[in-house]
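Chemist: Take this structure first; my questions come after.
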Amino acid sequence: MFLTESEQQISTEYQQQGYIIRPVADTQALAWIREQFIGLIEDALGLVSHDEPDVLLNNIHERVSVPDLNAFRLKIIRGINSIENFRSMYFRVARPYLETIVGNELAMQLRVNLSIQFPGDDSSLLPVHADTWSGDSPFEVVVWLPLVDCYGTKAMYLLPPEPAGELNREFGERAGRSSEELYQEIAHRVEWLKVNYGEVLIFNQGLPHGNRVNEEAETRWSMNCRFKGVFTPYGDKKIGEFFEPITLRAASRAGMSYSLPSL
Ligand SMILES: [Fe+2]
């Protein structure tokens, strides 16, 4: 392999653990993203916050009720996705890591997702799953970006490649298990991914992952968005309707528009 030493380091880590956690590549882009959120929250709640951003975000469950949570979340998601530069700023936060792990001709999901996890709330849980089980391409990675420090059950968990391989081989025997039973069987082998604000997580969505009830005292705010190599195989999520090329290179453009001279 002709990868540089630092590229090899990241590649090995991703392959062995199924993820990497790194400081964001562009702190200004991250600060800009969080500012957009504060503005959208103030709009949604009709208030002007005098709290520090992390205090407002971590304690949002004191201002929004559980029944109102989904409508609130959808309002914020619509908000971020209607901001012109949002996805390009999101990309900047992870760009060099994506270029190392995935490549430099990338397709990005058209919409950035948001998860808001109140303490003790069991209404927005993600049972154990791999995205590939429901038709995602194994060539996709997820860029997971928190707006607050995520630790303990406020974070997400991932089953590392080795136990995930064992689970795959025994999958037939486990058919018919509920996802809770499945979780209980892998609980002692999952890794809880501590990711602070200022860091970004990139993980392999083909590995089982999910979350549990957030038993911490603070609300989790995290975004996620899929990336893949433009020319790698697609699953159910297609280019155009779900993904869009964001960094096509000149030779690829030339190749795609090339036609042999006609006789
Ligand atoms: Fe997932």
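Every number here is computed from the coordinates shown, using simple stated rules; none is lab data. Just so it is clear, the structure is predicted and the values come from calculations on it, not from any experiment. Every residue, glycine as well, gets a Cβ built from its backbone with ideal geometry; the counts of neighbours run over all protein chains shown.
Chemist: Counting other C-beta atoms within 10 Å, which of 61, 50 has the fewest, and how do the rest follow?
Modeler: 50, 61
Chemist: Using every alpha carbon pair in region 36-132, what percent of pairs falls into each 5 Å bin from 0 up to the bin containing the largest distance?
Modeler: 2, 10, 18, 19, 18, 16, 10, 5, 1
Chemist: Based on the Kirkwood radius over alpha-carbon pairs, what value in µm²/s does the Stokes-Einstein equation return for the translational diffusion coefficient of region 148-224 at 25 °C and 0.890 mPa s?
Modeler: My calculation gives 181 µm²/s for D.
Chemist: If each residue's Cβ is checked for other Cβ atoms within 10 Å, how do 190, 48 rank with the fewest at the top?
Modeler: So the ranking, lowest neighbour count to highest, is 48, 190.
Chemist: Residue by residue through region 17-23, what is 3J(HN,Hα) from phi via Karplus (6.51 cos²θ - 1.76 cosθ + 1.60, θ = phi - 60°)? Round to whole Hz and write x for glycine and proline.
Modeler: Per-residue couplings from phi come out as 9, x, 6, 9, 10, 9, x Hz.
Chemist: Could you give the size of the charge dipole of the chain about its Cα centre, using +1 on the Cβ of each K and R and -1 on the Cβ of each D and E, expressed in debye and rounded to the nearest 20?
Modeler: Computed about the Cα centre, the dipole is about 840 debye.
Chemist: If you build the convex hull over the alpha carbons only and average its shadow over all orientations, what do you get for the chain? Give it in nm² to one decimal.
Modeler: Seen from a random direction, the Cα hull of the chain projects 17.6 nm² on average.
Chemist: Here's another thing I want to ask about it. For a quick check: sort 180, 7 by the number of other beta carbons within 10 angstrom, fewest at the front.
Modeler: Final ranking by Cβ density, sparse to dense: 180, 7.
Chemist: While we're on this one: Thinking of region 97-170 as a set of Cα atoms, what percent of all their pairs are more than 20 Å apart?
Modeler: 48
Chemist: Using Cα pairs closer than 8 Å and at least 6 residues apart in sequence, work out the relative contact order for the chain, in percent.
Modeler: Computed over the chain, the figure is 32 percent.
Chemist: Please report, in whole Å³, the volume per residue of the convex hull around the C-alpha atoms of region 1-90.
Modeler: Enclosed volume per residue, from the Cα hull, is 151 Å³.
Chemist: Subtract the Cα-Cα distance of residue 63 and residue 189 from 0.36 nm times their separation in residues, and report this length gain in nm to one decimal.
Modeler: Answer, rounded to one decimal: 41.8 nm.
Chemist: Taking R0 as 35 Å, what's the FRET efficiency between residue 74 and residue 171 from their Cβ-Cβ distance, rounded to 0.05?
Modeler: Here the calculated transfer efficiency is 0.55.
Chemist: Count neighbours as other Cβ atoms within 10 Å of each site's Cβ, and list the trypsin sites (Lys or Arg not before Pro) in region 115-219 that are DSSP loop with at most 15 such neighbours.
Modeler: Sites meeting the loop and neighbour criteria: 177, 194.
Chemist: Which one of 71, 37, 89 is farthest out on the positive end of the charge dipole of region 7-249, using unit charges on Cβ (Lys, Arg +1; Asp, Glu -1) and the Cα centre as origin?
Modeler: Looking along the dipole axis, the top candidate is 89.
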